[in-house]
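Enquirer: Handing you a structure now.
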Amino acid sequence: MKYLFLLCALLIFSFTRGQNTNHFASEVAAIQKKYDTLIDPDKETIVFVGSSSIRMWHDLQKRFPEHQIVNAGFGGSQASDLLLYTNELILNYKPKKVFLYEGDNDIFAGKKSDEIIADMMQIIQKIKAQNPSTKVVLLSAKPSLARWKYRRRYKKLNRHFKKLSSQDAHIDYIDLWSPMLNKRKVMKDIFIEDGLHMNAKGYAIWYNTIKPFIN
C-alpha cells in the first residue's frame, strides 16, 4: 500500500510538471523565434529572465542601448519553470551576464524559501557548467500592493538570495525591495491597476537600481 501511494504521488508530480511545461511551451518557443532573428552571435549578450515583471519591461533594450539584451521573461513563471527551460531561455544565448527574477509567483503559490532557493541553485549550476565566468545577478522579489500581506515571506526569501550571492564572487544580489518603499510602505503610484505589475515609474526605479550592475 505504501509503495502504491508513492507511485501515485510520483505520477501526480510528473503530470503537474508536464502541465507546467506545456503551459509555457508556446511562449518559450515565441521568445526563441524572436531572438533567432535579432541576436548577433558575435556580440556579448545579457539575458534578463523570469516572470511577468521581466516580460512586461518592454523598453529594456532601449534602456541599455549599448548592450545586446535578451528579454526572456515569461509571465506567471516560477523558479521551477525556469529550471525546465534554462537551456532555451538562458544557455542558448551564451550570455556573459544573467539577471534572474523568480520567487514572486512562487511565494504567492505557497512555496517555501528553501524550495525556491534549491531551484535557483540548480539554474545557477547549469549556467556555471556552460561558462564558469558568467555573472549571475539575483533580483530580489519586489513589494507590491496586491501581495503586500505576504511581505514577511518575501523579505525572508530576499535574505536567502542575499546570502546565496555572498557565497560566490560571480553572483550578485540587487535589492529591488527597498527602493520601491516610501518609508515602510510600498509606493502606490508605481503600479498599474492590478496593483502587482509596474507602470513606467516603477520600471524607472528598476532601471536606476539595476544600471550600476550592467557594466
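The values are calculated or read from the model by the stated rules, or taken from the named source; none is laboratory data. Fair warning: this is a prediction, and the values are worked out from it, not measured in the lab. All Cβ positions, even for glycine, are placed from backbone atoms using ideal geometry, and neighbour counts span all protein chains on display. These area figures cover heavy atoms from the full protein model, side chains too; ligands, DNA and RNA do not enter into them. Shrake-Rupley method; radii C 1.70, N 1.55, O 1.52, S 1.80 Å.
Enquirer: How much of the DSSP beta bridge set in region 98-215 is antiparallel, as a percent to the nearest 5?
Expert: 30
Enquirer: Another question about this same structure. How big is the dipole moment of the chain about its Cα centre under a simple scheme where the beta carbon of each Lys and Arg is +1, that of each Asp and Glu is -1, and everything else is neutral? Debye, nearest 20, please.
Expert: The dipole of the chain has a size of about 1000 debye.
Enquirer: Follow-up. Putting +1 on Lys and Arg Cβ atoms and -1 on Asp and Glu Cβ atoms, find which of L145, F161, N131 reaches farthest to the positive end of the dipole of region 118-180.
Expert: L145
Enquirer: Let me ask another. Using DSSP, restrict attention to beta bridges with both residues in the chain and report what percent are antiparallel, rounded to the nearest 5.
Expert: Of those bridges, close to 15 percent are antiparallel.
Enquirer: Pairwise over distinct Cα atoms, reciprocal of the mean inverse distance: report the Kirkwood radius of region 123-215 in Å, one decimal place.
Expert: Hydrodynamic radius (Kirkwood, Cα pairs) of region 123-215 is 14.4 Å.
Enquirer: A further question follows. Any idea what log10 I(q)/I(0) is at q = 0.13, 0.21 Å⁻¹ for region 59-121, Debye with uniform C-alpha scatterers and no solvent?
Expert: Here log10 of I(q) over I(0) equals -0.40, -0.89.
Enquirer: Which lysines does K185 reach when only Cα atoms under 23 Å apart count, and residues fewer than 8 places away in its own chain are ignored?
Expert: Those lysines meeting the cut-off are K142, K149, K155, K156, K162, K201.
Enquirer: Same structure, new question: Expected output is a single nm value to one decimal: the length gained when fully extending between K201 and R152, i.e. 0.36 nm times separation in residues minus the C-alpha distance. What is it?
Expert: Stretched out fully, the K201 to R152 stretch lengthens by 15.2 nm.
Enquirer: Just tell me, in residue order, which DSSP H segments of the chain are both 18 angstrom or longer along the helix axis (alpha-carbon based) and at least -0.5 in mean Kyte-Doolittle hydropathy.
Expert: Span-like helices, by this rule, are 2-38, 113-130, 200-214.
Enquirer: Among 183-192, 150-159, 39-48, 90-99, how do they line up by average Cβ neighbours within 10 Å per residue, starting with the highest?
Expert: Values: 183-192: 12.9, 150-159: 16.9, 39-48: 14.9, 90-99: 20.6.
In descending order of packing, they fall as 90-99, 150-159, 39-48, 183-192.
Enquirer: Additional query: To one decimal place, what Kirkwood hydrodynamic radius in Å is obtained for the chain from all pairs of distinct Cα atoms?
Expert: 18.0
Enquirer: Which one, G75, M120, H58, is farthest towards the positive end of the dipole of region 43-199 when Lys and Arg carry +1 and Asp and Glu -1 on their Cβ?
Expert: M120
Enquirer: Within the accessible area of region 74-210, what % is carbon and sulfur when the probe is 1.4 Å and the other protein chains stay in place?
Expert: Taking all protein chains in place, region 74-210 shows 51 percent carbon and sulfur surface.
Enquirer: For the chain, what is the accessible area per residue in Å² when the probe is 1.4 Å?
Expert: It amounts to 54 Å² per residue over the chain.
Enquirer: Nearest 500 deg cm²/dmol is fine: what mean residue ellipticity at 222 nm does the chain get from its DSSP H runs of n ≥ 4 alone, each adding -39,500 (n - 2.57), divided by its residue count?
Expert: For the chain, the value works out to -15500 deg cm²/dmol.
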